[in-house]
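The structure appears right after this line, and notes come after that.
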Amino acid sequence: METSDHITYMRRALALARQAEGRTSPNPMVGAVLVKDKSVISEGYHHRAGEPHAEIEALGVAGEFARGGTLYVTLEPCAHYGRTPPCTESLIAAGIAEVYYAVGDPNPRVNGKGHAQLEAAGVIVHKGPCEDGARELNRPFFKHMTTGRPFVTAKFAMSLDGKIATRAGDSHWITNASSRQRGHALRNVTDAILVGAGTVIADDPQLTTRLDSDDIRHPLRIIADSRGRGPLSAQLFDPALPGQTVVATTDAIPPAHCAELSARGVEVWRLPSDSQGRVSLTALLDEIGRRGMLTLLVEGGSELLGAFFAERLVDRVWAFIAPVIIGGRDAPGPVGGTGVEQLSQSIRLCRVETETLDGDVWIRADIESKMEDK
């Protein structure tokens, strides 16, 4: 086959994999295309953790026709027992003649072992094509495998002059409905969402996903609240609210407040504090990662976002800018804290993408220093 054919089949496998975005944690998104005599005979993708891997789904559709076929899969086939048996054994048993995988699996139980096991059984194995696309698809998985922490997206909406609220605290709504729907689409593919106690007090948010779709996912709602300042009357503590709420706190929280939260079905994580008595963000990220969540959306407020940026814990930024001017020296901006003293210390963004949403401007970009995992 021509090189262009290999790329076409792998791109199709990548598109299949993306259909499960936000649904596979702690597993990666994986797609597979099975080809025989230059024709696609079956496809598959990994839908959710615990369900069949992409390769197994493709084999199941093909049945006996899989023998002698060529498999295109976006990630190196696994060679170990987890929730499901090794994919390598199934590929060998099915008589697959050739395998193309886009990128190696960083999981130490897999990395290189899947390739070696297939080759040892006489299967012709190729690494590539589309490695960059496959790595980009699963950046959260790669980060989690190498650091144990989730991939962090900082999201905020602001006016053209950089304000997230008026000096009186009014912030509903700066951006338009199209921008807000795009934000809900991000929630729908995110494992956990984080706000600070100040946001709970000021805005009383729900942090649910509100989309016109049958496949809605409400991310785990986490409130960073070191002293238990969040009022028990907050919507986030309503047992009728869909999804689960967690309060990430420290030993400074009153025991009675913890008991009231637990009575409402709210889980409490007691974590170490930082030098200022706040919840340690690194400890929080470690805990989120330990629980198998690959993605975290930080929605504010400005002090929490400021702390994440100050500690260089952000991987990607989603910013929505509305064509309005709020003004006022006391009106807050999206990123609080002390900030940098010199422009040379600024956090640089790369791979910037922009889109107009009914007059608002949506900017998506990566943190430059976080791109070394590419």
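One table, with the values for the structure above:
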read-out	value
Residue under evaluation HIS218, criteria (1) closer than 21 Å to PRO254 by Cβ; (2) without any contact (Cβ under 8 Å) to a residue 60 or more places away in the chain, criterion not met	(1)
Candidate set: segment 36-61, residues that are surrounded by fewer than 20 Cβ atoms within 10 Å (Cβ to Cβ) and over 28 Å from the mean Cα position of the chain (by Cα); chosen: the one nearest to SER90 (Cα to Cα)	GLY60
Which numbered condition ALA256 fails, given (1) open to solvent by 30 Å² or more (accessible area, probe 1.4 Å); (2) over 20 Å from LYS155 (Cβ atoms); (3) part of a loop (DSSP other than H, G, I, E, B)	(3)
Residues of segment 90-114 that turn out to be in contact (Cβ under 8 Å) with a residue 12 or more places away in the chain and either outside any loop (DSSP other than H, G, I, E, B) or buried (at least 19 other Cβ atoms within 10 Å of the Cβ) (or both), as a count	17
Test for GLU355: is it under 20 Å from HIS184 (Cα atoms), open to solvent by 30 Å² or more (accessible area, probe 1.4 Å), of a type outside the set (Val, Ile, Thr) and modelled with pLDDT of 95 or more	yes
Count - residues of segment 63-84 that are in a helix (DSSP H, G or I) and open to solvent by 60 Å² or more (accessible area, probe 1.4 Å)	2
Check on ASP212, in a loop (DSSP other than H, G, I, E, B), in contact with a Lys or Arg (Cβ under 8 Å, 6 or more places away or on another chain) and among the acidic types (Asp, Glu)	no
Condition check for GLY60: over 16 Å from HIS115 (Cα atoms), outside any loop (DSSP other than H, G, I, E, B) and of a type in the set (Gly, Ala, Ser)	yes
Matching residues in segment 135-145 - criterion: being touching an Asp or Glu at 6+ places or on another chain (Cβ under 7 Å) and open to solvent by 50 Å² or more (accessible area, probe 1.4 Å)	none
Selection count, segment 192-221, where residues are of a type outside the set (Ser, Thr, Tyr) and over 21 Å from ALA319 (Cβ atoms)	13
Any hit, segment 151-163, residues being open to solvent by less than 20 Å² (accessible area, probe 1.4 Å), among the polar types (S, T, N, Q), in contact (Cβ under 8 Å) with a residue 24 or more places away in the chain and over 30 Å from LYS38 (Cβ atoms)	yes
Test result for LEU186, outside any strand (DSSP E or B) and in contact (Cβ under 8 Å) with a residue 24 or more places away in the chain	yes
Some residue of segment 156-174 being among the basic types (Lys, Arg) and within 24 Å of the chain's Cα centre (by Cα)	no
Residue match in segment 121-134 (condition: without any contact (Cβ under 8 Å) to a residue 24 or more places away in the chain, over 30 Å from ASN188 (Cα atoms), open to solvent by 30 Å² or more (accessible area, probe 1.4 Å) and not in a loop (DSSP other than H, G, I, E, B))	no
Residue satisfying condition, being within 21 Å of GLY292 (Cβ to Cβ), open to solvent by 20 Å² or more (accessible area, probe 1.4 Å) and either touching a Lys or Arg at 6+ places or on another chain (Cβ under 8 Å) or modelled with pLDDT of 90 or more (or both), within set PRO231, PRO242, PRO219	PRO242
Residue selected from segment 332-374 under the condition over 26 Å from the mean Cα position of the chain (by Cα) and part of a helix (DSSP H, G or I), by the criterion farthest from CYS130 (Cα to Cα)	LEU343
Verdict on ARG312 being touching a helix residue (DSSP H, G or I) at 6+ places or on another chain (Cβ under 9 Å), in contact (Cβ under 8 Å) with a residue 24 or more places away in the chain and surrounded by fewer than 13 Cβ atoms within 10 Å (Cβ to Cβ)	yes
Single condition ILE7 does not satisfy, out of (1) of a type outside the set (Ser, Thr, Tyr); (2) open to solvent by less than 30 Å² (accessible area, probe 1.4 Å); (3) in contact with a Cys (Cβ under 8 Å, 6 or more places away or on another chain)	(2)
Flag for THR249 being closer than 18 Å to ILE222 by Cβ, of a type in the set (Ser, Thr, Tyr), touching an Asp or Glu at 6+ places or on another chain (Cβ under 7 Å) and touching a residue at least 24 places away in the same chain (Cβ under 8 Å)	yes
Cβ pairs under 7 Å, 6+ apart, first in segment 165-183 and surrounded by fewer than 17 Cβ atoms within 10 Å (Cβ to Cβ), second assigned to a helix (DSSP H, G or I)	GLY169/ALA202; TRP173/ARG180
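The values are calculated or read from the model by the stated rules, or taken from the named source; none is laboratory data. Computed from a predicted model, the values in this text were never measured in an experiment. Cβ sites come from the backbone with ideal geometry, for glycine too, and all protein chains shown count toward neighbours. Please note that ligands, DNA and RNA were not included when accessible areas were found on the heavy atoms of the full protein model with its side chains. Shrake-Rupley method; radii C 1.70, N 1.55, O 1.52, S 1.80 Å.
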